[in-house]
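The values are calculated or read from the model by the stated rules, or taken from the named source; none is laboratory data. Everything numeric here is computed off the predicted structure, so don't read it as measured data. Reconstructed Cβ throughout: ideal geometry from the backbone, glycine too, with neighbour counts over all protein chains shown. Areas reflect the complete protein model, heavy atoms only, side chains present, ligands, DNA and RNA absent. Shrake-Rupley method; radii C 1.70, N 1.55, O 1.52, S 1.80 Å.
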Amino acid sequence: MKVKTSKSASANRLTTPCITLLLVITIIGKFNLAQADDYGSLLGAWRVNYGHNENFKELRMWTSDRETVPLVIYNITQTNNMDLYFEIHMENPKIAQASKLINITEVQDGTWQGDIQVEGIHFGLTKLYATLYDPRSGGKERGPDTLEVMVKRSKSVSDETFTYTAASIALLMFVNLGTVLDLKRVVTIFSRPIGPLVGFCARYIIMPALAIGLGALMLRDDKGLQLALFFTALAPSGGIANICNVFLKGNLNLSLATTTVNSILVLGMLPMWVYLVGPALYETQEFDLPFVDLIVSCVGLCMALIVGVLLRMFIPKTTRFIFRFLKPLSIILSLCLVGLTVGINYFVFQKMTFMIFLCCFCLPVLGYGLSFALSKLLCRTATDSMTISIETSVLNMTMPIVLLKNTMDQPMADMLIVVPITAALVSLCLVVAFYIVRRILGWNTTNDSECFDEKAFLIED
């Protein structure tokens, strides 16, 4: 009996807190139900129409604009409670603002009709909706009808000139790099194109697969951000990756060859990947790829390199002068390109979240590791492996921005470019940290004949 009594007391000690917790949850649930009535319990199945007709389901406006929206609340049942009132709200008042209080005494024959002012504050998406309040019971109910509000960022001259200015800076980079291109080594690289082939596989197989996986894992609730990450992974690296290889003493000839090959092949690989994966990532969007811009970019890159090579061949004194200032000039051009892009699109950082940053961090880190492993698996030298890894992991921010602005409607495009800008900045910061570590540990040295060596170049010229 003592044993049974002990077990009974022990059971009571365990069950009493559980029962208490259940009672608390029940009371809180009843309190919440008292605060938020079921729809239709106060004034029947009242409905809201926005605009001049029932098909008006979306309002598009610019920031700082004011729009007048006709509003009709109907199917309102009669009541003796004269304290009831409707209030018009915006889900996110940081994007757009609209507020109106409609007393039940203003309703005639079960209908209220009037206008509401909507003001655009910041680019983005939000919803306009109506809520019915009962001050007597403290209850409220939200109507089922909403109006999508899309606030677009007002265009400026800087937006229109961004692409051309960025392209001009990139062309200057490639002219600068073309003056140090060794044609004999380039011919050797293409005679046994294992290096460019590894760079191609890393850019157009490994990176897209990583972007799809990271997007599905970390951005599963936002298909638009997944598409932006996918475009970021597909875009071939620009001149900044080549400049990084200059400072890290990589194989500059292989770096430029890989950049050129990937910039040409993007004309075929981009539509192929978009055709295969695009509908799954963003099925409601028709992709209008800017082929003209891509072709012009590809031709411009090749022409800039050719100009640099011709300058070296026919005006060697000029190219020697350029080369003496290659690193500082490269830094200046890189900072101009990054500063221009970030400065014009500074507003995107308001859309930053931890998961976006984590994705943008993991993409270049995993891209570097996998491309380096693939290079070593194919018996590439340490210099060539590092060069290909830098080509893969230093991300291009300009091309994904152009792709998003050509394929997505506003304001969605402005909301998504936070991904390529963040990913490119993170990848560049990682390379800078890598360079500092190599310098501190004494690893930033010429390991083989393929390494970029400015002293050897000056002696040769």
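Is it the case that some residue within the stretch 242-249 is among the β-branched types (Val, Ile, Thr) and at pLDDT below 90? Checked against the condition, which is being among the β-branched types (Val, Ile, Thr) and at pLDDT below 90, the stretch 242-249 yields at least one hit.
Residues of the stretch 80-113 that are surrounded by 13 or more Cβ atoms within 10 Å (Cβ to Cβ) and at positive phi: GLY110 alone. Considered as a group, the residues in the stretch 227-252 that are open to solvent by less than 10 Å² (accessible area, probe 1.4 Å), of a type outside the set (A, V, I, L, M) and in contact with a Lys or Arg (Cβ under 9 Å, 6 or more places away or on another chain) include one that is farthest from PRO420 (Cα to Cα), and that residue is ASN251. Just give me the residues in the stretch 345-369 being at pLDDT 90 or above and surrounded by fewer than 20 Cβ atoms within 10 Å (Cβ to Cβ), in sequence order. Those that are at pLDDT 90 or above and surrounded by fewer than 20 Cβ atoms within 10 Å (Cβ to Cβ): PHE354, MET355, PHE357, LEU358, PHE361, CYS362, VAL365, LEU366, GLY369. Within the stretch 95-106, residues that are under 12 Å from GLN117 (Cα atoms) and without any contact (Cβ under 8 Å) to a residue 40 or more places away in the chain have Cβ atoms under 9 Å from residues that are aliphatic (A, V, I, L, M) and in a loop (DSSP other than H, G, I, E, B) in these pairs: GLN97/ILE121, counting only partners at least 6 apart in sequence or on another chain. For the stretch 177-226, a residue qualifies if it is open to solvent by 60 Å² or more (accessible area, probe 1.4 Å), within 30 Å of PRO411 (Cβ to Cβ) and of a type outside the set (D, E, K, R), and exactly one does: LEU217.
For (1) at pLDDT 80 or above; (2) of a type outside the set (Lys, Arg); (3) over 16 Å from ALA233 (Cβ atoms); (4) open to solvent by less than 50 Å² (accessible area, probe 1.4 Å), each residue gets a yes or a no:
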position	(1), (2), (3), (4)
VAL261	yes, yes, yes, yes
MET269	yes, yes, no, yes
LEU276	yes, yes, no, no
PRO290	no, yes, yes, yes
VAL296	yes, yes, yes, no
VAL299	yes, yes, yes, no
LEU305	yes, yes, yes, yes
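Identify all residues within the stretch 399-421 that are surrounded by fewer than 23 Cβ atoms within 10 Å (Cβ to Cβ) and of a type outside the set (A, V, I, L, M); write none if there are none. The answer is LYS405, ASN406, THR407, ASP409, GLN410, PRO411, ASP414. Pairs linking a residue in the stretch 412-439 that is over 18 Å from GLU391 (Cα atoms) and in contact (Cβ under 8 Å) with a residue 40 or more places away in the chain to a residue that is part of a helix (DSSP H, G or I) and open to solvent by 60 Å² or more (accessible area, probe 1.4 Å), with Cβ atoms under 7 Å and 6 or more positions apart or on different chains, are VAL418/PHE349.
Any residue in the stretch 51-66 that is touching a residue at least 12 places away in the same chain (Cβ under 8 Å), farther than 25 Å from GLN410 by Cα and open to solvent by 10 Å² or more (accessible area, probe 1.4 Å)? No, the stretch 51-66 contains no residue that is touching a residue at least 12 places away in the same chain (Cβ under 8 Å), farther than 25 Å from GLN410 by Cα and open to solvent by 10 Å² or more (accessible area, probe 1.4 Å).
List the residue pairs whose Cβ atoms are under 9 Å apart, where the first residue sits in the stretch 266-284 and is part of a helix (DSSP H, G or I), the second is at pLDDT 75 or above and among the charged types (D, E, K, R), and the two are 6 or more positions apart or on different chains. Final answer for the pair search is VAL266/ARG203; MET269/ARG203; ALA280/LYS223; LEU281/LYS223. THR188: β-branched (Val, Ile, Thr) and at pLDDT below 90, yes or no? Spelling it out, THR188 is indeed β-branched (Val, Ile, Thr) and at pLDDT below 90. Out of curiosity, is VAL309 modelled with pLDDT of 85 or more and either surrounded by 12 or more Cβ atoms within 10 Å (Cβ to Cβ) or touching a Ser or Thr at 6+ places or on another chain (Cβ under 6 Å) (or both)? Here the answer is no, as VAL309 does not meet what is asked. Looking at SER385, SER393, which is the one that is surrounded by 24 or more Cβ atoms within 10 Å (Cβ to Cβ) and polar (S, T, N, Q)? Unique residue meeting the criteria: SER393.
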